[in-house]
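Below you'll find the structure, written out as structure tokens, and then a few comments.
The values are calculated or read from the model by the stated rules, or taken from the named source; none is laboratory data. Predicted model, so just to flag it, every value in this text is computed and none were measured. All Cβ positions, even for glycine, are placed from backbone atoms using ideal geometry, and neighbour counts span all protein chains on display. Remember, those area values only see protein heavy atoms, side chains included, never the ligands or the DNA or RNA. Shrake-Rupley method; radii C 1.70, N 1.55, O 1.52, S 1.80 Å.
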Amino acid sequence: MTEYRFETFEPTFSDDAPEARTAAYLQAVTAGFHGKRDEPEQVKRRVERSRADGRVFTAVYADKTPQHALDASIPVATFAHFEKTVHVGGGRLVPAHLITWVTVRPTHRRRGLLRSMMTANLVRAHSEGYPFAALTATEGSIYRRFGFGPATWYNEIELDTSPGFQLAVEPDRRLEMVDPQVLRKLGPSLYERFQKVSPGATGRQRTYVDVAAGDLDRDTGDKDRGIRAAVHYDEAGVPDGYVSYRFAGWDVKPTTIDVMDFVAVSDAAYSSLWAFLGAVDLVERVRFGYAAQESPLPWLLADPRRVTITAQEDGMWLRILDPVKALEARPYTVPGTLTLAVTDDMGFAAGVYRIESAGTGARSAEPGDGRVEKLSDDPAGKQAQDADLLLDVSELGSLFLGGADPVVLARAGRITERTPGAAICARSLFALERAPYAPNDF
């Protein structure tokens with residue numbers, strides 16, 4: 001029987017080249033996501049981006065490999081984690097444990113490798129005091145069993161900008177085209193401002209800076225010389241939004257530009273940037289893969305039917321590790337009391353919790369408007385009988401940012417309403433100032 005060795009390490013360089021273990025790890029990740037083999041310079045840049053994000057790698061190695069098989073130095077499974085902040089509402093940014101690059105080689109599946117990596121990593125995150133972990137999933141059926149629930153969503157859209165395109169309200173159009181390299185420095189600062197006004201937004205990774213600036217074509221790993229960019233300015237002449245885009249090619253019909261990155265701190269920037277995209281000459285369609293599900297774009301247009309949703313995707317999945325710490329970190333804009341009985345097969349969040357809201361979250365950027373008390377460790381015990389709602393930790397993750405409707409979850413049998421009207425109460429209590437939106441994967 002094959003035995004496995006688990007190693008956790010930080011990506012490193014040796015003599016200005018990726019250290020062999022780091023390079024082999026990235027080779028396994030690339031294969032796991034069906035990417036093309038990277039050239040040495042591309043591997044070097046991936047290591048630089050990983051180090052900039054503070055990623056920590058976990059690799060699983062088989063103790064022996066038969067003749068002709070991939071070398072034993074190449075992991076059969078991979079996992080990575082790093083820390084970024086997540087906006088939980090009211091401008092409050094909370095450090096979160098982010099998980100990414102989870103792969104298992106097809107020939108080594110169903111041997112408990114994923115469960116071993118995930119369990120050990122979540123134990124680590126819990127012991128380090130993170131209120132929750134988060135990931136974005138390439139497959140929707142994997143992560144509920146580990147307590148994750150989808151908490152943000154986005155749409156892939158197409159906008160018809162053929163003749164007749166018009167906005168319902170004329171925007172200010174305070175825009176200028178810029179060299180995309182400007183976004184290397186300007187982009188991160190604008191995204192930090194955007195993050196504070198968009199619940200669900202996570203701290204940005206280095207990859208998104210490189211893509212917006214034209215330093216990375218995610219399909220080839222090389223520079224993207226087709227990138228163009230425009231910046232919006234507020235009334236004082238200070239940048240408050242940008243868009244990075246590229247032409248899809250003359251062979252694509254109707255003629256199309258693809259939005260690579262779109263960040264708007266203000267509503268004025270949002271409407272003006274879309275007006276700009278609609279005015280690009282010789283273009284009849286704009287495609288954007290990360291539009292907010294509750295987007296104001298259709299309401300901006302004289303003809304809202306010009307926006308077509310081509311796909312709907314879940315974005316960030318949350319795994320609550322400490323319900324008291326997590327629930328007290330977010331704001332509550334209405335007063336109320338709600339008791340939750342939470343099940344958790346992994347044990348981190350199991351128990352009965354009472355939320356008491358003062359309803360002052362709309363007026364305070366600091367925690368304190370919600371008090372959470374753990375009443376019991378047993379979600380099926382005596383005190384759980386008086387709980388208003390019974391739910392699994394994965395559903396708590398979906399409710400946490402106000403993105404999932406507890407009334408709908410109750411109708412679907414995902415949560416059990418023990419007190420009549422509790423789901424409606426939960427809908428109001430968990431609602432934030434905006435629908436949650438995270439415009440990037442990780």
Practice item. Could you check, for the range 407-428, whether at least one of its residues is touching a residue at least 40 places away in the same chain (Cβ under 8 Å), of a type in the set (S, T, N, Q) and open to solvent by less than 40 Å² (accessible area, probe 1.4 Å)? Key: no
Revision key, fill the gap. Exception for Gly200 within (1) in contact (Cβ under 8 Å) with a residue 40 or more places away in the chain; (2) at positive phi; (3) open to solvent by 30 Å² or more (accessible area, probe 1.4 Å) falls at (3)
Exercise for review: Considering each of Gly381, Gly361 in turn, give the residue that is in contact (Cβ under 8 Å) with a residue 12 or more places away in the chain, open to solvent by less than 30 Å² (accessible area, probe 1.4 Å), more than 30 Å from Ala248 (Cα to Cα) and out of contact with any Pro (no Cβ under 6 Å at 6 or more places or on another chain).
Suggested key: Gly381
Practice item. Give the number of residues within the range 18-40 that are touching a Gly at 6+ places or on another chain (Cβ under 9 Å) and not in a helix (DSSP H, G or I). Key: 4
Exercise for review: Identify the single condition in (1) part of a helix (DSSP H, G or I); (2) within 26 Å of Arg115 (Cα to Cα); (3) touching a Leu at 6+ places or on another chain (Cβ under 9 Å) that Val43 does not satisfy, given that it satisfies every other one.
Suggested key: (2)
Practice item. Tell me which residues, restricted to the range 98-130, are under 13 Å from Phe82 (Cα atoms) and either of a type in the set (S, T, N, Q) or touching a Lys or Arg at 6+ places or on another chain (Cβ under 6 Å) (or both). Key: Leu98, Thr100, Asn121
Review point. Within the range 84-98, can one find any residue that is of a type outside the set (Lys, Arg), part of a helix (DSSP H, G or I) and either open to solvent by 40 Å² or more (accessible area, probe 1.4 Å) or at pLDDT 95 or above (or both)?
Key: no
Study note, to complete from the structure: Matching residues in the range 224-278 (under 25 Å from Asp303 (Cα atoms), more than 22 Å from the chain's Cα centre (by Cα) and touching a residue at least 40 places away in the same chain (Cβ under 8 Å)) number 12
Practice item. Take the residues in the range 14-30 that are within 28 Å of Ala96 (Cα to Cα) and open to solvent by 70 Å² or more (accessible area, probe 1.4 Å), then tell me which one is farthest from the chain's Cα centre (by Cα). Key: Arg21
Revision key, fill the gap. Among strands (runs of 3 or more DSSP E) completely within the range 253-355, the ones holding 1 or more residues that are open to solvent by 10 Å² or more (accessible area, probe 1.4 Å) and closer than 29 Å to Glu170 by Cα are 256-264, 285-292, 307-314
Exercise for review: Show the residue pairs that are 6+ apart or on different chains and have beta-carbon atoms under 8 Å apart, the first residue being within the range 142-167 and on the phi > 0 side of the Ramachandran plot, the second being open to solvent by 50 Å² or more (accessible area, probe 1.4 Å) and at pLDDT 95 or above.
Suggested key: Gly147/Asp345; Gly164/Asp303
